[in-house]
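Data block below; observations after.
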Amino acid sequence: MSRTRKIAVKWGQMLKSEGARRATGFQAAFSGLWRLVRSERHFQIHLVAATCAAILAAFLHFSSLEWAILMVAIGLVLVAEGLNSAIERAIDTTTPSFHPLAKAAKDIAAAAVLIAAIISVIIALLLYGPKLWALLSTRH
């Protein structure tokens, strides 16, 4: 076998194994997403709120930029909630009894979700406020 052919075969094997690793990674990610949707109450609440926000945005005819901002805000909250859930599970697994540092870590993770939610509410006020105000002002 020529040197060029050997290199091509080696690259082919490497790409196949890389593809398999990526497929496994995506499978794990979707498994985690499904677990969040199925078993994490706060994530479910955020999904319902995100759905309501999207329906209202469609009703108010958001521009592409407004949709992009809304999706980033929703994504911020969902990612923060996912990380919070992962941190809580990891701590519960490694710390079977109460420990003040474990409590502090869980509290900080929950605070990150709270910060994301507050920022998203501010963004929502900026996006929806003027449109709702204009809609309500023309009804009188």
Handout entry: Selection count, the range 77-109, where residues are surrounded by fewer than 16 Cβ atoms within 10 Å (Cβ to Cβ) and hydrophobic (A, V, I, L, M, F, W, C)
Key = 8
Problem - Residue check for Phe43: assigned to a helix (DSSP H, G or I), at pLDDT below 95 and farther than 30 Å from Leu135 by Cα - result: no
Practice task
Could you check, for the range 87-99, whether at least one of its residues is in a helix (DSSP H, G or I), over 27 Å from Trp34 (Cα atoms), of a type outside the set (Phe, Trp, Tyr) and at pLDDT 95 or above?
Solution key: no
Problem - Test: residue in the range 94-114 that is within 15 Å of the chain's Cα centre (by Cα) and of a type outside the set (A, V, I, L, M) - result: no
Problem - Selection status of Lys103, in a helix (DSSP H, G or I) and in contact (Cβ under 8 Å) with a residue 40 or more places away in the chain - result: no
Problem - Among the candidates Ala58, Ala80, residue that is closer than 24 Å to Ala134 by Cα, of a type outside the set (Asp, Glu) and not in a loop (DSSP other than H, G, I, E, B) - result: Ala58
Handout entry: Any chance Ser63 is within 21 Å of Ile122 (Cα to Cα) and surrounded by fewer than 16 Cβ atoms within 10 Å (Cβ to Cβ)
Key = yes
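The values are calculated or read from the model by the stated rules, or taken from the named source; none is laboratory data. In this text, all values refer to a predicted model and were calculated from it rather than measured experimentally. Glycine also receives a Cβ, built like all others from the backbone with ideal geometry; neighbour counts cover every protein chain displayed.
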